[in-house]
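Take a look at the structure set out below.
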Amino acid sequence: METRRVGRSGLRVSRLGLGTLTWGRDTDEHEASEQLRDFADAGGTLVSTAASGSGEAEELLGALLDDVVPRRDLVLALRVGSRGLGAARRTDGSRRSLLADLDDSLARLRTDHVDLLLLGGTDRGPTARSAAERGDDGPGDGGAPVEESLAALAEAQRSGRARYTGLAEHGAWQTARAAALAQAGGAPLAAVEVEHSLVARWADVDLRDAAAASGVGLLARSPLGGGVLTGKYRHALPADSRAASPHLVHVVEPHLDPSARGVVEAVRTAADGLERSPLEVALAWAADRPGVASAVTGARTAAQLRAALAGEDLRLPAPIRAALDEVSSARTAVGRP
């Protein structure tokens with residue numbers, strides 16, 4: 001699998017990343033072990049997890065490290081500072097909370113460091129206006145000044161508990177401001193992880209430019225739009241799908257509105273023409289967006305992950321990419337933090 005440099009940092013990650021959102025809840029140890037092994041065998045390195053909920057995903061991942069795949073072969077990305085899902089998500093960017101979250105996560109992961117530590121941002125749904133318009137203070141807006149949050153990230157880096165640092169779910173102005181402050185403080189940010197797909201294109205408005213100007217690489221989270229872009233929801237709501245799961249419906253629901261249907265059909269048409277699957281087309285679009293270092297996709301089963309890995313060789317022809325860009329242009333407001 002292709003590896004890429006993250007922004008202007010020295011960190012390199014695989015073109016596709018592995019998300020662990022369902023691990024420990026919908027994905028059991030057997031399936032998770034198979035996923036991790038298949039991912040590493042395909043050349044994947046970036047594995048993303050979060051200090052949220054009761055830590056089931058981290059505990060499961062920690063139990064598999066070294067037993068299934070050597071820890072040194074993986075790039076572990078950890079998001080801290082936000083807890084809960086969807087509308088229930090709450091942030092706390094205080095030094096006390098961030099460093100406590102990190103230490104707790106390291107214990108669950110059974111490792112002494114993560115390769116990329118990400119400061120989680122506020123998630124107020126797809127209809128939320130920009131943070132600047134809401135009056136939020138930016139990174140660490142859960143009651144702590146941005147300088148305190150960034151100082152905690154820098155301390156984690158100096159102590160060796162984190163090799164690189166960055167942001168997650170932050171807008172353009174927040175990212176630019178944080179990157180400038182971090183650079184001035186001698187601990188530059190490497191990455192910003194955001195939702196980015198053909199049905200959630202808000203990052204195309206200004207974040208990609210802000211990140212590029214700041215030397216920050218993009219990690220595209222949920223590149224399949226919670227599974228919507230695979231076409232599984234075209235005619236029904238599968239009983240075993242994320243949309244049917246009370247704790248994951250928030251991932252899918254914003255992408256089930258009428259304006260997304262045309263995008264889903266366009267992806268299907270492109271897939272038919274290329275003799276590939278819609279999943280492969282949607283993933284290739286996200287992975288090869290300008291500035292994107294890795295597209296981070298999660299899977300409930302090992303079979304689903306193998307379907308994603310099978311399309312790693314796909315690079316979309318320019319005319320098809322342009323057509324998908326055009327048909328999805330109305331989705332630039334969806335997913336905005």
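The values are calculated or read from the model by the stated rules, or taken from the named source; none is laboratory data. Everything numeric here is computed off the predicted structure, so don't read it as measured data. Glycine also receives a Cβ, built like all others from the backbone with ideal geometry; neighbour counts cover every protein chain displayed. Keep in mind that these areas ignore ligands, DNA and RNA; they rest on the heavy atoms of the full protein, side chains included. Shrake-Rupley method; radii C 1.70, N 1.55, O 1.52, S 1.80 Å.
General observations
- Taking the listed residues Arg8, Arg79, the one that is in contact (Cβ under 8 Å) with a residue 60 or more places away in the chain, open to solvent by 30 Å² or more (accessible area, probe 1.4 Å) and part of a loop (DSSP other than H, G, I, E, B) is Arg8, with no other qualifying.
- Applying a threshold of 6 Å to beta carbon distances and a minimum spacing of six or more residues, or different chains, the list of pairs starting in the stretch 265-276 at a residue that is outside any helix (DSSP H, G or I) and ending at one that is surrounded by fewer than 14 Cβ atoms within 10 Å (Cβ to Cβ) is empty.
- Residue satisfying condition, being buried (at least 24 other Cβ atoms within 10 Å of the Cβ), over 13 Å from Gly7 (Cα atoms) and at pLDDT 95 or above, within set Ala182, Ala211: Ala182
- Any chance Thr301 is touching a residue at least 60 places away in the same chain (Cβ under 8 Å) and not aliphatic (A, V, I, L, M): yes
- If you go through the stretch 115-165 and pick out every residue that is open to solvent by less than 60 Å² (accessible area, probe 1.4 Å), at pLDDT 50 or above and at positive phi, you end up with 1.
- On the stretch given as the stretch 11-36, residues that are open to solvent by 10 Å² or more (accessible area, probe 1.4 Å) and of a type in the set (A, V, I, L, M, F, W, C) total 2.
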